[in-house]
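S.K.: Below you will find the structure I want to go over with you.
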Amino acid sequence: MANIIKSEMMKNISRQGMSRRAVLRQAACGFGTLGLSSLLAQEQALAATGPGNPLAAKVPHFAPRAKRVIFVFMHGGPSHVDTFDPKPLLTRDNGKPIPFKRSLTFAEDKLGGLMKSPWEFKQYGQSGIPVSELFPKVAQHVDDLCIIRSMVSDGVDHGGAVLQLQTGTINFTRPSMGAWSLYGLGTENQNLPGFITIMPSLYHGGAKHWGAGFLPGAYEGTPLGNDKMAAKDLMDEPIEHLLANGVTSDQQRYEIEILQKMNRRHALERNSDPKLEARIQAFELASRMQLEASEVFAVNTESEATKKLYGLDNEVTHDFAWQCLLARRLSERGVRFVQCSHSYKWDQHTELARKHSQNAREVDTPIAGLLTDLKSRGLLDDTLVLWGGEFGRTPFAERDGRDHNPYGYTMWMAGGGVKPGFIYGATDDYGYHAVEDRMHLHDLHATILHLLGLDHEKLTYPFGGRDYRLTDVHGVVAHKILA
Amino acid sequence: MQSWIVNMLSALVAALLATSPVFAQVEPVFATSQSEIDFFENSIRPIFAVECAGCHGAQLQMADLNLTTAEGFFKGSARGAIVDPERPAESVLLQVVGHQGKVKMPPPGPLSPENVSALGKWVEMGAPWPSDDSAAVVAPSDGAKPGLWAFQPVKDHEPPKVADQDWVRTPIDRFILARLEDKDVRPSAPAEKLQLLRRAKFDLHGLPPSEQEIEEFLSDTAPEAMARLVDRLLASPRYGEKWGRHWLDVARYADSTGLDEDYRLPHSWRYRDYVVDAFNRDLPFDQFVREQLAGDLMPADEPGDINTRGIIATGFLALGVKPLAQQDKMQVVYDVVDEQLDTVSKAFMGMTVTCARCHDHKFDPISTKDYYSMASIFASTKSFEDAESFVSEVYFAALVEPEIYEVYRKEQERLKARRYSIESIRDLGVADYVQRTLIPRLPDYMIAARQVREDGVPTAAARAELDEGVLQAWIEYLKPGQFRPYLDKWERAKPSEWLAAAEEYRELYATTSQWWSTELKSWGAEAEEAIRAGDDAPDKPAFDRGGMELEGRFFLEVSSGEGPFSVAKEDRESILSDGVRARLTSLSEELEAWTKAAPPEPPLACAIAEGEPVDQSVFVGGSHKNPGETVPKHFPVALRGAWQSPIESGSGRKELADWLASPDHPLTARVYVNRVWQWHFGEGLVRSSNNFGSTGEQPTHPELLDYLAKRFVESGWSTKALHRMIMLSSAYQMSSQSSEAVSEADPENRLWSHFLRRRLTVEEMRDSLLALDGSLDLTMGGRIDDGLKKDEYGPDATFNPDSVSRRTLYLPLVRNKLPSLYRLFDFADAGASSARRNESNIAPQALYAMNSDFVKSRAYALAEIVVRGSEDDAERLERAYRLILGRAPGGGAEPSIEYVRSYPAGDAEGESTHLAGWASLCRILMASNEFHYVD
């Protein structure tokens, strides 16, 4: 009997050109393999390169500088002239009427004159790059930062701006940059989602920000909770439905084993239809994910020193520390794209001084901790860290805050093949418009893809009659920032 | 040979940028010998006629290029000449048609080598044209218009003859079998009866067959059993729920505006219910088209009535995504116009026209002029109540007489005004209390708080007379390191200056408080005056004072929220004077009485209406800031011809609807029957069902497509007749199992040699799981509000699908916050018209089947039914299999009684392993591929 099944199986294999992975799986009877770690490792290696798996690691267009991305997103729009782009003229001309023409603004009225920064700037490191008092700890890392002071985008409102930052367009539904990265490169760890966004905001586009748009659903980001939740309520089961629900792991294993057996026979009777095979594999991956994810989310196994480094021991920094530490743990295990979100806090139309201070205090230590940790583990070399919001803020006042400014603002990168201790581009004397080496969001996207080894003009997907790109018909790689 | 549609402009631009500066116009060259004329007529003119004239001909000159006359040819395109007399081999024409440069024309493939070399030879000769070139380019010999196949008129075709007459049940089968026989492929065997029943039931209802249905159908051995089944399924309201949902994908239906604000569209459900009803009533599709585009302009069924159905139907245009907070309001309007045009052209014509918003379409014969001519129709349509407001307001149409609506609106304003006057009196009462009792002590509080900070305790004297709670709040508020610039002065003050400084803050606070009280008072008075005069309620005054850097911010922080002088809601009553309290009580009572007596909200619809007709300009490069020439309202030249009488009055929606719904339109019927085919078979005859353009796919069986379109129109555009024709065919009733030979001969099923196995959609999965244990609530229509605010979603609104057991199509769809269930299981993204669902298989789906609360509840509900139903385990097993899989247990690799009996013990003390074991068995069957796939 066993021989008959076996020969039947081999026939199917030869007919369907079944992958070696499938052979291994069938031979080993599926969930019985959970204990066979060497076989698992083999499967894993095969899965990472195997055909038919949309998430299989793919060969990039050219040698990549970065293998993965961590985007530390400051949702709301942190003010560049108060953080990384000091403007002495603003201090000198504080309160004076604006000496330039105002572009389209978000706020309709209550716009005032020039407003100096409430914070002092100091020079740091070998590079002597100035950083304001808001980020004293990140400032210690300036020699690793590549500060882009000439960001430009098109969205004056949050909706358009965040959507463009995440998907390249301000008013349509398109795949997110994480989804594009995954589509281009696959992922290196088949036991974890390849694109994870931690506590994202549901404002201003919500799920579109990690959506796959018209790309296959496999490229969609996996959200861990959202910004309405506290980290402590999320830490046990960050991925929905991850943990066995009302059954013990013994019971679950018992159950899944026969389910897979049943599914396998069902598939065998149907010429091992690849669709059916794919669903069988999804269950196997789910079980492995339960094991590996539980391990990756066990942040508490980190040393006390590491927890302290990120600020996990401090009430103010705890939540963002958890995000940043998790980002490192995920990146370390081959997750292609991780986003941390400090949402939605940086929108200081009023009370700039108080609220920007609060916000910075929540993220400064965690971000600095992340940079230190990545560097000490040798991960910073091939991990691109990106920091920034959806726009900057105006050099002129809106009440006691600042309005949105997509015309010139700052983002920074670190690691992953960018020039360390480097300032790229500049805004005008007051920090309103980018005037030198302007870096539009399309250019930023092109550059990120370039660092990942992808040509943004070649990374296309056909939909609705034409080939789409993350950068649409735009985008120029900023070669000057490449290390 | 296919005539490809080209856009020479982009080719030229690219080629020119890549090679040389813009060529000047060149002098015409005319033939000097008969042999040159013959060569042109025999070898060159046919190329232009067949390959190019669709876009660059007498009717349409994409990129200003006309390749059908000598004059047009030598003038070249908008960018100049296309031949270079000096260096003929380098002529742009040759680069483009030879696919040498970056841009390649015709788009999908180069001309044949013979044609390329003929053109090369001719250009080398100097590109001589006949001197007398008055003759237009000859049309291809079959009389068809040059252009896309899909633009040709629908032709009637005789179903072909076939050898195997026995296989033929309907004419469809002849078209299918003829091709199969031609390729020597045998169609798959007929599906087993149970498979066929399950297929038909999921297909038409999206639900599994019940035990009774299975028994009935299996025992009906008459030849017309299938016809009876189809009729019965089509007559059930479950049919409209399943097929309406198909159309809702195309119509990108959702219940919020998506994008930035994601506001709720509170009346959108009426459109959804209209669609369900339209399918159930088999509303003729041409009327369905007309109503969705211009139902508001059509007469009601009863003369004199408001055409509520027609108005609701235009929700089709109203339900798209809208960038409400975008501040360039002209852009907002034209983004919505674009979105509407995109949906209309994809849904009805299978065309993507919106590329032409910025430039002539690269692949299809749609020029920017065509785009703006069509856009003009939607720009003359009212989609917004107020597009100009800070967050643009969407238009809702009242489904009652305007006078009735106005009465309702006025009463709502009166209620609002009264609420405002109550609020103003209450706030004033609170302010009065603060002014009398707290403000005079403000310096004491500040100083005491400072003493606590610096010395640990305030002086006993100071403390004795202060409220402990208020003092604590001051201590908290004045904690250092809070970065409140308006407190700098206080922070800098030395102990000797404290009193004077605190006094200054008191003065500031008192002045601001007085000012704000005045504002509140006059607001309350205005509100009462509005009630007397019947005016709209006055807006609440905005708190804005002193640039907010100092006194304004100080006052706000101290008086509201957690501020030390804020008065908690629950304390407010007690601090008001008796007089104020009495006045508030009487006003509130009156308000309550008014509210009770107020007329109910009249029904509203998310719809559109006629707007101000616009004189539309072409927006160069897609930017409204760069208007070009004005265009009339008309339809694409390539489809409707160059000489249309422009639409002079109204928005033009009525004319658009009539044109699209005409039996002669080459696309409408074709596109729709192709969709219906796809929804039955999993793939369309044209696989790219939203794209019949040149980058879309060719039909696998063009004659069959046309045959179906013809019969469909003849039947009075009856969708149900189409279902019958398709479902009673042998093609539909084939097994999904294909033989080895067939798989090799027809791997993509383009010959339709077998039926395509498919996975359940998210709706089918959820509805079926609910149906298994009898908890599916079959109430139809209406709005579900659980967890959602009525008027807007707001970012905190969440809807949990587990909270209701209605059919999935009735659950609210918040675009930016779709429950993960939808995203996990490939729900169509409602951002744009969706032609088909994906079928992804990812691990989180498996986790859902294993660990979700929903599946767990279903498993236990089923286990209860199974265990209670019988004492006998064999009967229980039988029941579980019949309920979930519709068949008897088969043994072998499947869970059996033994499985339940050996189920491992759980953690919980005294837990019924038995019930848990049955629940586990049910969960397995519900998670099985057998359940999730339809053969």
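S.K.: Non-local amide H neighbours of A:Ile423 (under 5 Å, H modeled in plane, Pro and chain starts lacking H): which ones?
M.R.: So A:Ile423 has HN proximity to A:Ile147.
S.K.: Let me ask another. Net charge within 9 Å of B:Thr779 by Cβ-Cβ distance, Lys/Arg positive one each and Asp/Glu negative one each, not counting B:Thr779 itself?
M.R.: Values: positive: B:Arg806, B:Arg807; negative: B:Asp777.
After counting each charged neighbour, the total is +1.
S.K.: Next question. Angle check, please: helix A:274-296 long axis (alpha carbons) against the longest principal axis of chain A (alpha carbons), in degrees 0 to 90, nearest 10.
M.R.: The angle comes out near 60 degrees.
S.K.: Could you go through segment A:178-187 in sequence order and give the Karplus-derived ³J(HN,Hα) for each residue, using 6.51 cos²θ - 1.76 cosθ + 1.60 with θ = phi - 60°, rounded to whole Hz, and x for Gly and Pro?
M.R.: These are the phi-based 3J(HN,Hα) values: x, 5, 4, 4, 5, 4, x, 10, x, 9 Hz.
S.K.: Fewest to most neighbouring Cβ within 10 Å: what's the order for A:Trp180, B:Trp515?
M.R.: Values: A:Trp180 31, B:Trp515 16.
Arranged by neighbour count, lowest to highest, A:Trp180, B:Trp515 become B:Trp515, A:Trp180.
S.K.: Amide H of B:Gly80 versus every other amide H placed in the peptide plane: which residues, excluding those fewer than 5 positions away on the same chain, fall under 5 Å?
M.R.: The list, which skips near neighbours in sequence, is empty: none.
S.K.: Out of B:Tyr860, A:Leu215, B:Ile447, whose Cα points farthest toward the positive end of the dipole of the protein assembly as shown (charges: +1 Lys, Arg; -1 Asp, Glu; placed on Cβ)?
M.R.: Projecting each Cα onto the dipole axis, the largest value belongs to A:Leu215.
S.K.: Please compute the net charge surrounding B:Pro284, taking Lys and Arg as +1 and Asp and Glu as -1 over other residues with Cβ under 11 Å from its Cβ. Don't jump to the answer; show the numbers that get you there.
M.R.: On the way: positive: B:Arg281, B:Arg290, B:Lys720; negative: B:Asp282, B:Asp286, B:Glu291.
Charge balance in the 11 Å sphere: 0.
S.K.: Let me ask something additional. Given contacts defined as C-alpha pairs under 8 Å and at least six residues apart, what's the relative contact order of chain B, whole-number percent? Working shown, then result.
M.R.: Details: 1465 pairs, mean separation 158.6, N = 935.
Taking the mean separation of contacting Cα pairs over the length of chain B, I get 17 percent.
S.K.: So how tilted is helix B:913-927 from the main axis of chain B? Cα-based, degrees 0 to 90, rounded to 10.
M.R.: On a 0 to 90 degree scale, this one is about 50.
S.K.: Something else about it: Between segment A:92-153 and segment A:296-370, what is the C-alpha centre distance in whole Å?
M.R.: 22
S.K.: I need the calculated FRET efficiency for the pair A:Glu269 and B:Arg419, taking r as the beta carbon distance and R₀ as 45 Å, to the nearest 0.05. Walk me through the intermediate numbers first.
M.R.: On the way: r = 68 Å, r/R0 = 1.51.
Approximately 0.10, to the nearest 0.05.
S.K.: Below 8 Å between Cα atoms, with a sequence gap of 6+, how large is the relative contact order for chain A in percent? Could the numbers behind the result be given before it?
M.R.: Details: 996 pairs, mean separation 130.5, N = 483.
It comes to 27 percent, rounded to a whole number.
S.K.: Can you put B:Glu454, B:Glu864 in order of Cβ neighbours within 10 angstrom, beginning with the fewest? Display every interim value, and only then the final one.
M.R.: Working: B:Glu454 9, B:Glu864 15.
Arranged by neighbour count, lowest to highest, B:Glu454, B:Glu864 become B:Glu454, B:Glu864.
S.K.: Quick check: the angle from helix B:113-124's long axis to the longest principal axis of chain B, C-alpha only, nearest 10 degrees?
M.R.: The helix B:113-124 is inclined about 90 degrees to chain B.
S.K.: Which whole-number percent is the relative contact order of segment B:274-409 (Cα, under 8 Å, 6+ apart)? Don't jump to the answer; show the numbers that get you there.
M.R.: Working: 144 pairs, mean separation 23.9, N = 136.
After rounding, I find 18 percent.
S.K.: Set Lys and Arg Cβ to +1 and Asp and Glu Cβ to -1, take the dipole of segment B:297-433 about its Cα centre, and tell me which of B:Gly429, B:Pro402, B:Gln412 lies farthest positive.
M.R.: Final value for the positive-end residue is B:Gly429.
S.K.: Neighbour counts of other C-beta atoms within 10 Å: give me B:Val742, B:Val394 arranged from fewest to most.
M.R.: B:Val742, B:Val394
S.K.: A further question on this structure: Sort out for me the Cα centre separation of segment B:703-735 from segment B:627-655, rounded to whole Å.
M.R.: Taking the Cα centre of each part, segment B:703-735 and segment B:627-655 sit 34 Å apart.
S.K.: Listed here are the pairs B:Lys416/B:Lys540; B:Lys633/B:Lys654; A:Lys67/A:Lys375; A:Lys58/A:Lys375; which of them are more than 18 Å apart at the Cα?
M.R.: Numbers: B:Lys416/B:Lys540 11 Å; B:Lys633/B:Lys654 12 Å; A:Lys67/A:Lys375 15 Å; A:Lys58/A:Lys375 26 Å.
Table pairs above 18 Å Cα-Cα are A:Lys58/A:Lys375.
S.K.: Counting only other chains, and only Cβ atoms inside 10 Å, what mean value do you get across the residues of B:849-855?
M.R.: Working: counts 7, 14, 12, 3, 3, 1, 2.
Partner Cβ neighbours, averaged per residue: 6.
S.K.: Ok, one more. Taking 2.2 N^0.38 Å as the expected size of a compact globular protein, what ratio does the Cα radius of gyration of the protein assembly as shown give against it, to two decimals? Spell out each step's value before the answer.
M.R.: On the way: Rg = 35.0 Å, N = 1418, 2.2 N^0.38 = 34.7 Å.
Taking the Cα Rg and dividing by 2.2 N^0.38 Å, one obtains 1.01.
S.K.: Could you let me know the centre-to-centre spacing of segment B:817-833 and segment A:211-263, using Cα atoms, in angstrom?
M.R.: Here the two parts' Cα centres lie 17 Å apart.
S.K.: Pull out the extension gain between B:Lys410 and B:Asp658, defined as 0.36 nm times the separation in residues minus the alpha carbon to alpha carbon distance; nm, one decimal. Walk me through the intermediate numbers first.
M.R.: Values: separation 248, 0.36 × 248 = 89.28 nm, distance 3.84 nm.
This chain segment gains 85.4 nm when fully extended.
S.K.: Tell me, what HN-Hα J-couplings in whole Hz come from the Karplus equation 6.51 cos²θ - 1.76 cosθ + 1.60 at θ = phi - 60° for each residue of segment A:241-252, using x for Gly and Pro?
M.R.: For segment A:241-252, the Karplus-derived couplings read 6, 6, 9, 4, 10, x, 10, 7, 5, 4, 4, 5 Hz, x marking Gly and Pro.
S.K.: A further question on this structure: Taking the Cα-to-Cβ direction at B:Asp231 and at B:Glu388 and moving 7 Å from each Cα, how far apart do the two end points lie in nm?
M.R.: Label-label distance for B:Asp231 and B:Glu388, simple model: 6.1 nm.
S.K.: Within 11 Å, Cβ to Cβ, of B:Glu423, how many net charges do the neighbouring residues add up to if Lys/Arg are +1 and Asp/Glu are -1?
M.R.: Working: positive: B:Lys416, B:Arg418, B:Arg419, B:Arg426, B:Lys540; negative: B:Asp427.
Net of charged neighbours comes to +4.
We did not get these values from a lab; they are worked out from the coordinates using the rules stated. Keep in mind the model is a prediction, meaning the values are calculated, not measured. A quick note on method: Cβ atoms are made from the backbone with ideal geometry, for glycine too, and the neighbour counts reach across all protein chains shown.
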